[in-house]
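A short worksheet on the structure shown next.
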Amino acid sequence: MTLHQPMALRISAVAGAVAVGLGAFGAHGLEDFLTESGRRETWNTAVLYHMVHSVVLLLLAMAATWRPKTWGLVFAGIALFAGSLYLLCLTQATWLGAVTPVGGLLLIAGWLSLLLHPSVTMGTR
């Protein structure tokens with residue numbers, strides 16, 4: 001099953017909204033917990049990468065040249081990189097730290113995919 005561009009646009013919007021929500025939750029609802037556990041910086045790193053790459057997802061979903069594989073690499077990278085950091089902060093399960101680099105590699109692969117396919121242009125078809 002191939003992901004279609006309109007659905008990718010919707011998922012990208014949700015990813016951005018979730019990044020804002022988790023950033024606010026970390027700053028307000030979890031502030032004491034994250035400070036006491038020493039994971040505040042880790043949470044902030046997760047939010048930063050989540051938000052920046054949500055914008056990348058949005059731009060990819062809006063591109064006139066639809067590259068679902070590139071979009072998928074970035075999406076999977078967000079899920080594994082930021083997702084593992086969020087879970088690490090909440091559960092203190094340190095084994096999740098081994099998942100984070102896999103997400104980072106997927107994010108790098110997404111960026112390199114753009115390098116290898118420079119014909120991505122903005123606009124509508």
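The numbers here are math on the coordinates, done by the rules we state, and not lab data. Since we're looking at a predicted model, the values are computed, not measured. When we count neighbours, we look across all protein chains shown, and the Cβ atoms used for this are built from the backbone with ideal geometry, even at glycine.
Quick notes on this structure:
- Two-site label geometry, Val18 and Trp111: point separation in nm, points 7 Å out along Cα→Cβ: 2.2
- Order of Val74, Val47 - criterion: other Cβ atoms within 10 Å of each residue's Cβ, fewest first: Val47, Val74
- Length gained when the stretch Leu3-Leu59 is fully extended (0.36 nm per residue, less Cα-Cα span): 18.6 nm
- Multiplying the residue separation of Ala27 and Asn44 by 0.36 nm and subtracting their alpha-carbon distance yields 5.2 nm.
- 3J(HN,Hα) along segment 103-109, derived from phi through the Karplus expression 6.51 cos²θ - 1.76 cosθ + 1.60 where θ = phi - 60°, amounts to x, x, 5, 5, 4, 4, 4 Hz, with x in place of Gly and Pro.
- Helix content alone sets the calculated 222 nm mean residue ellipticity of the chain: runs of n ≥ 4 DSSP H residues at -39500 (n - 2.57) each, divided across all residues, give -24500 deg cm²/dmol.
- Note: relative contact order over the chain, using C-alpha pairs below 8 Å and six or more positions apart, is 28 percent.
- Using θ = phi - 60° and Karplus 6.51 cos²θ - 1.76 cosθ + 1.60, couplings along segment 42-54 (whole Hz; Gly, Pro as x): 4, 4, 5, 5, 4, 5, 4, 5, 4, 5, 4, 7, 5
- Normalising the Debye intensity of segment 5-116 to I(0), with uniform scatterers on Cα atoms only, and taking log10 at q = 0.10, 0.16 Å⁻¹ returns -0.29, -0.69.
- Residue-wise HN-Hα coupling along segment 86-101, computed from phi with Karplus coefficients 6.51, -1.76, 1.60 (Hz; x: Gly, Pro): 4, 5, 4, 5, 7, 10, 6, 6, 5, 4, 5, x, 6, 7, 3, x
- Proximity of backbone amide H atoms, modeled 1.01 Å from N, is registered between Thr65 and Thr121 at under 5 Å, excluding neighbours fewer than 5 places apart on the same chain.
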